[in-house]
Amino acid sequence: MRLAIIGTGYVGLPTGVGFAELGNDVVCVDKIADKIETLNRGELTLFEDGLEDLFRKNVERGKIKFTLDMQSAVCNADVVMLAVGTPPHPITKEADLQYIYAAAKELAQYLDGYTVVATKSTVPVGTGDEIEKIIREINCDADFDVVSIPEFLREGFAIHDFFNPDRIVIGTNSERAREIMLQLYAPFVGKTSFLLVKRRSSETIKYASNAFLAMKIHYINEMADFCEKSGADILEVAEGMGMDSRIGKKFLNPGPGYGGSCFPKDTNAMAQMGRKYGAPLNLIETTIAKNGERKAKMGLRVIEAIKSNPEGKIAVLGLAFKGGTDDCRESPAIDIVREMVKHSHNICVYDPKAMVNAKAILGDSVKYANSIEDACRTADVMVILTEWEDFRHIDLLKIKSIMAKPEIVDLRNMLNVDDVVKAGFEYQGVGK
Ligand SMILES: NC(=O)c1ccc[n+]([C@@H]2O[C@H](COP(=O)([O-])OP(=O)(O)OC[C@H]3O[C@@H](n4cnc5c(N)ncnc54)[C@H](O)[C@@H]3O)[C@@H](O)[C@H]2O)c1
């Protein structure tokens, strides 16, 4: 099939590469010239595990191309996928739909022959109707349907998730569009569940799912606070809860609060939708407020740990919003560092992949290290903020020998408490 993907970010690029690998002819469009130039030089613009090899292979065999030219991509496409950003509006926190509407306006004039316009971007309920209206106003002769095809991939696992989705949701009332989407997703038949629903249901499924996962994280974080006060151990509690198949063991890891490019914006957008439709979503509203408070509290927890030497160096390990990605958007690690910067001028940070993105946000408010050792040298405390596998295998004795004071605040519960204590560290995890 011929596919145009609008937006080559964390969703558009892995999705484009994935569909190319499945044998489709993919053209990816972006409006940022730098990105397209880089991709056309055969280099990636973002880090995703497993992406590079598939990208190179499909560029070499001509199955995927990159362009700034919307027309050439759209006029030949059977399916045009919208994968542009829907960031939160800075004031209202609603999903800002300017990019999706701008893309719809632009592509409308180039539709040629029957085309499915499939929205992969996460958009509020009813956006499909608006996109349809926009295209119709600009090109009244266009033969098209707008379908909602929400994306559930996890950053850091985008390629794995593309080929192994939990489910594929297709939202449309059009029989013709549904058939084309089923053809596109035919390689997944028998490997995953398909759900064919109304467009508005499909749009809602994405937000309802993300908001539920955010609430699950918030719930386990509150339980962790309870365990700290009551003498229970959250890891044992979470394990016991997760054995119940009705609860499931995923998203029961306590930590510094949820973040990333999706949960904060999607919970806010869902809460806004609840208000708009007069159906208040109180659990989501509380989750949003308490998650924000938690990140500030975690920053102060670190400051408390160095109170005997407030000038002491704080070594921060991890800046990305989670392991496996270089994405720092709404990263709890960044929010916590910002909180600490209010109280300390001696913070040195390290992340295996996210240094460039973090530097663009944190600027010269902190120092930047080249390695775990570099960050920890002469530090009074080491703080783990992102769950990178490398951090689990830290050489504790070596690190202890170069730190000024052997103290660890592990906000991801990555280290084995017995090992850390045996190595002679003061240790604080979460919920123990
Ligand atoms: N990142 C995730 O893990 C994830 C997961 C599921 C769903 N989503 C949703 O997918 C959508 C995209 O997210 P992302 O993280 O890939 O965003 P992103 O910011 O990484 O990428 C968006 C890309 O779209 C491009 N773009 C914007 N307007 C354009 C236009 N008119 N023409 C061409 N290109 C244009 C931008 O330049 C950018 O490269 C969002 O709605 C997001 O909520 C994201």
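The values are calculated or read from the model by the stated rules, or taken from the named source; none is laboratory data. Quick caveat, the model's predicted, so the values are computed rather than measured. Virtual Cβ from ideal backbone geometry, glycine too; neighbours counted across all protein chains shown. Areas reflect the complete protein model, heavy atoms only, side chains present, ligands, DNA and RNA absent. Shrake-Rupley method; radii C 1.70, N 1.55, O 1.52, S 1.80 Å.
Taken over the stretch 294-428, the convex hull of the Cα atoms encloses 88 Å³ per residue. Converting the Cα gyration tensor eigenvalues of the stretch 165-264 into ellipsoid dimensions via √(5λ) gives semi-axes, longest first, of 37, 15, 10 Å. Pairwise Cα separations in the stretch 287-334 fall into 10 Å bins from 0 onward with the following percentages, short to long: 23, 42, 31, 4. Summing Lys and Arg as +1 and Asp and Glu as -1 over all other residues whose Cβ lies under 14 Å from the Cβ of ALA271 gives a net charge of +2. Helical runs (DSSP H, four residues minimum) scored at -39500 (n - 2.57) apiece and divided by the length of the chain put the mean residue ellipticity at 222 nm at -13000 deg cm²/dmol.
Taking the chain, how much of its Cα-Cα pair set, in percent, is spaced more than 29 angstrom apart? Kindly include the intermediate steps, with their values, before the conclusion.
Working: 46849 of 93096 pairs.
Of all Cα-Cα distances in the chain, 50 percent exceed 29 Å.
The phi torsions of the stretch 298-305, fed into the Karplus equation with coefficients 6.51, -1.76 and 1.60 and a -60° offset, translate into couplings of 5, x, 5, 4, 5, 4, 4, 5 Hz, rounded to whole numbers, with Gly and Pro shown as x. Sparsely packed loop sites in the stretch 42-104 (the trypsin sites (Lys or Arg not before Pro) outside DSSP H, G, I, E and B with at most 14 other Cβ atoms within 10 Å) comprise ARG61.
Compute for the stretch 110-183: radius of gyration divided by Kirkwood radius, i.e. Rg/Rh, restricted to C-alpha atoms, rounded to two decimals. Can you show the working numbers first?
On the way: Rg = 13.8 Å, Rh = 13.6 Å.
A ratio of 1.02.
Pair-distance distribution P(r) for the stretch 2-197, from all Cα-Cα distances in 5 Å bins starting at 0: 1, 8, 16, 21, 22, 17, 10, 4, 0, 0 percent.
Accessible area per residue for the stretch 2-197, computed on protein heavy atoms with a 1.4 Å probe, is 43 Å².
For the stretch 207-289, what does the convex hull of the Cα positions come to per residue, in cubic angstrom? Don't skip to the end; give the middle numbers.
Numbers: hull volume 7.9 nm³, N = 83.
Cα convex hull per residue, to the nearest whole number: 95 Å³.
A 1.4 Å probe run over the protein chains yields, for the stretch 294-428, 44 Å² of accessible area per residue, whole-number rounding.
Carbon and sulfur: what percent of the chain's accessible surface (1.4 Å probe)? The partial results should precede the final answer.
Values: 10080 of 19550 Å².
Carbon-and-sulfur percentage of accessible area, whole number: 52.
Across all directions, the average flat footprint of the convex hull enclosing the Cα atoms of the stretch 255-316 is 5.2 nm².
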